[in-house]
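Trainee: The structure that follows is given in the form of structure tokens.
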Amino acid sequence: MTRMLSAHHRRLARRKRAAIITAATELFLERGYDGTSLARIAEAAGVSKSTLFKQFPTKAALFEAIVAESWQRDADDAAARPPTGDLRAGLTAIGHRYADLVGRPGMAALFRIVIAELPRFPELGRMQFQLGKLPYFTSVQQYLEAEHEAGNAEVPDTESAANQFLGMIANYVLWPRMLLTDWNPAASDIDNAVEEAVRTMLARYARARRPDPKPEG
């Protein structure tokens, strides 16, 4: 019975946490970071102030959780890098995963909050970079390093290569959404953007295969 109650309490705590994060994101976008109080977030989330303060004692701690969860929502899939040995397949998997991540409306909303509040709250930008983009970027860089070390690719500057690859995808999937409220490319167009990014990477970094030796005779 105690174990069942504990499991119930954990599920309830997770639901309340999700409600708090959803309400906070919407209010930050509507009223701005500075114009949103923790008390207003608690009211919108349908939880008591003590429940909110227990999980997030400060507004900065709540925003930190929003950033971390936004970038790590697909962590079960993204944490494990593709195996080395097939550069095209690995880049394609990473590319689609990244397009799915940055293409979510919630990601665009998060960037809008950070950009709008950056002059007054530069720490929000640091959170977005250090807790979100940097760990994701590092995982891609490490994959390219593994392919390079395995001899499957020639990537002397993996930092630059990872920037190029993710940038090509974000430039089509994410950044137009920041300015165009009706930007909603079809799945086939996103697939094509990822495929073109992969082709560009292969053309630049794939190790050229040596021709099979000619048979003697």
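The values are calculated or read from the model by the stated rules, or taken from the named source; none is laboratory data. Keep in mind that this is a model prediction, so the values were computed, not measured. All Cβ positions, even for glycine, are placed from backbone atoms using ideal geometry, and neighbour counts span all protein chains on display.
Trainee: Somewhere in the stretch 121-136, is a residue surrounded by fewer than 20 Cβ atoms within 10 Å (Cβ to Cβ), not small (Gly, Ala, Ser) and not in a helix (DSSP H, G or I)?
Mentor: Yes: the stretch 121-136 contains one or more residues that are surrounded by fewer than 20 Cβ atoms within 10 Å (Cβ to Cβ), not small (Gly, Ala, Ser) and not in a helix (DSSP H, G or I).
Trainee: Name the single residue, out of those in the stretch 117-138 being under 12 Å from Val67 (Cα atoms) and of a type in the set (S, T, N, Q), that is farthest from the chain's Cα centre (by Cα).
Mentor: Gln130
Trainee: For the stretch 149-170, which residues satisfy the criterion of being touching a residue at least 12 places away in the same chain (Cβ under 8 Å), in contact with a helix residue (DSSP H, G or I) (Cβ under 9 Å, 6 or more places away or on another chain) and farther than 18 Å from Ala193 by Cβ?
Mentor: Answer for the stretch 149-170, where residues must be touching a residue at least 12 places away in the same chain (Cβ under 8 Å), in contact with a helix residue (DSSP H, G or I) (Cβ under 9 Å, 6 or more places away or on another chain) and farther than 18 Å from Ala193 by Cβ: Asn152, Ala153, Glu154, Val155, Thr158, Glu159.
Trainee: Kindly provide the set of residues from the stretch 24-43 that are under 20 Å from Arg112 (Cβ atoms), under 26 Å from the mean Cα position of the chain (by Cα) and surrounded by 14 or more Cβ atoms within 10 Å (Cβ to Cβ), ordered by number.
Mentor: Those that are under 20 Å from Arg112 (Cβ atoms), under 26 Å from the mean Cα position of the chain (by Cα) and surrounded by 14 or more Cβ atoms within 10 Å (Cβ to Cβ): Ala24, Thr25, Glu26, Leu27, Phe28, Leu29, Gly32, Tyr33, Thr36, Ile41.
Trainee: Can you pull out every residue in the stretch 55-69 that is over 28 Å from Val102 (Cα atoms) and either of a type in the set (Val, Ile, Thr) or at pLDDT below 90 (or both)?
Mentor: Result: no residue meets the conditions.
Trainee: Scan the stretch 143-170 for residues that are part of a helix (DSSP H, G or I), polar (S, T, N, Q) and either surrounded by 13 or more Cβ atoms within 10 Å (Cβ to Cβ) or modelled with pLDDT under 95 (or both) and jot them down.
Mentor: Step one: of the stretch 143-170, the residues part of a helix (DSSP H, G or I) are 143-149, 158-170.
From the residues that got through so far, the ones that are polar (S, T, N, Q) too are 158, 160, 163-164.
Those that are part of a helix (DSSP H, G or I), polar (S, T, N, Q) and either surrounded by 13 or more Cβ atoms within 10 Å (Cβ to Cβ) or modelled with pLDDT under 95 (or both): Thr158, Asn163, Gln164.
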